[in-house]
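The values are calculated or read from the model by the stated rules, or taken from the named source; none is laboratory data. Since this is a predicted model, take the numbers as computed values, not measurements. Every residue, glycine among them, receives a Cβ derived from its backbone with ideal geometry; neighbour counts consider all protein chains shown. Heads up: the accessible areas ignore ligands, DNA and RNA and are worked out on the full protein's heavy atoms, side chains in. Shrake-Rupley method; radii C 1.70, N 1.55, O 1.52, S 1.80 Å.
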Amino acid sequence: MPSIGGNVEETGGKAMDVLIVDIGGSSVKLWHTAHEEHRKFDSGKSLTPDMMVRQTKVTVADWSYEAVAIGLPSRVSAGRVVEDPPNLGPGWVSYHFASAFDKPARLMNDACLQALGSYDGARMLFLGLGTAVGSALIADHLVLSLDMGRMMYGDERVWEVLGDDGYDSLGQKKWQKAVMDIVPALKQSVMADYVVLGGGNVKQLADLPDGVRRGHNRSVVEGGRRLWEDLPDPADKPAHWVVI
């Protein structure tokens with residue numbers, strides 16, 4: 001992994017104990033920078049931020065941590081939620097996560113957080129194949145959240161084809177073919193040097209297109225660590241790193 005910053009003031013030169021909350025449309029996965037295991041609980045269209053925080057605290061009651069990194073499947077700008085996630089309940093905009101957790105908290109789009117942990121230099125496109133299709137681009141100190149799932153593939157949106165519903169309706173072989181068609185086109189559209197595929201459905205892929213590698217859900221742990229240790233506070237909008 002490349003060095004991508006150096007937030008020495010925050011870490012004091014030591015590794016931070018960070019709780020990573022990876023919120024998806026079907027589950028919330030909980031990770032820790034000092035633990036190998038992860039825990040999870042169900043999410044869904046009724047999950048509000050209050051419910052998420054309460055259940056997180058119960059689920060990791062025996063974990064100690066000094067900061068929280070949150071990945072949320074929605075638009076996030078300067079570390080703040082811009083709109084409620086479409087696959088979750090209401091109330092995420094203007095929610096004060098640091099107060100609710102009683103810990104410092106930083107927030108990113110979930111695909112950006114996975115991308116940050118997967119980044120290995122140059123110009124990288126990240127695609128998360130799960131409930132829908134998350135996407136992010138990292139290049140030259142820019143972390144850019146995308147919504148490539150809304151692009152068209154024939155008569156359907158990319159997320160309708162490559163997401164969970166697409167896999168269920170197409171079956172593995174046709175879904176694999178769609179991945180082999182769509183992913184190289186998306187790579188070319190942003191002139192990426194390589195693509196990292198993350199999300200729960202990556203394990204269903206027997207083959208990968210050229211210039212594409214598998215990510216791992218645990219890369220979100222590295223993303224959470226980097227969000228705190230390597231990047232400045234997103235709300236500061238620093239000149240040398242831009243998170244959009």
The residue that is surrounded by the most Cβ atoms within 10 Å (Cβ to Cβ), considering only those in the range 171-213 that are modelled with pLDDT of 95 or more, in a strand (DSSP E or B) and not hydrophobic (A, V, I, L, M, F, W, C), is Tyr194
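Restricted to the range 116-169, and to residues that are open to solvent by less than 80 Å² (accessible area, probe 1.4 Å) and acidic (Asp, Glu), which residue is farthest from Gly223 (Cα to Cα)?
Of the residues in the range 116-169, the ones open to solvent by less than 80 Å² (accessible area, probe 1.4 Å) are 116-119, 121-122, 124-139, 142-146, 148-149, 154, 158, 160-164, 166-167.
Checking which are acidic (Asp, Glu) leaves us with 160, 164.
Working: Glu160: 27, Asp164: 24 Å.
Step by step, filter the range 116-169, then rank; the result is Glu160.
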Here, strands (runs of 3 or more DSSP E) confined to the range 6-85 with at least 1 residues that are touching a residue at least 40 places away in the same chain (Cβ under 8 Å) are 18-23, 27-32, 67-72
Pairs returned, first residue in the range 111-129 that is assigned to a loop (DSSP other than H, G, I, E, B), second residue that is open to solvent by 20 Å² or more (accessible area, probe 1.4 Å), beta-carbon separation under 6 angstrom, 6 or more apart or interchain, are Gly121/Pro2; Ala122/Asp193; Arg123/Asp193
Those residues of the range 129-158 which are touching a Phe, Trp or Tyr at 6+ places or on another chain (Cβ under 6 Å) and closer than 22 Å to Lys45 by Cα amount to Ala132, Val133, Gly149
Go through the residues of the range 45-65 one by one and say whether even a single one is in contact with a helix residue (DSSP H, G or I) (Cβ under 9 Å, 6 or more places away or on another chain), open to solvent by less than 20 Å² (accessible area, probe 1.4 Å) and within 21 Å of Ala115 (Cβ to Cβ).
no
Do we find a residue being in contact (Cβ under 8 Å) with a residue 24 or more places away in the chain and closer than 21 Å to Val28 by Cα anywhere in the range 141-155?
yes
Over the range 66-84, the set of residues open to solvent by less than 20 Å² (accessible area, probe 1.4 Å) and modelled with pLDDT of 95 or more is Ala67, Val68, Ala69, Ile70, Gly71, Leu72, Val81
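Would you check if Gly91 is closer than 23 Å to Gly149 by Cα and at pLDDT 95 or above?
On the way: closer than 23 Å to Gly149 by Cα: no; at pLDDT 95 or above: yes.
No; evaluated as a whole, the condition is false for this residue.
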Just one listed residue, out of Arg123, Arg75, Arg54, is among the charged types (D, E, K, R) and farther than 28 Å from Ile182 by Cα, and it is Arg54
Of those in the range 17-30 that are open to solvent by 10 Å² or more (accessible area, probe 1.4 Å) and not hydroxyl-bearing (Ser, Thr, Tyr), the residue modelled with the lowest pLDDT is Gly25
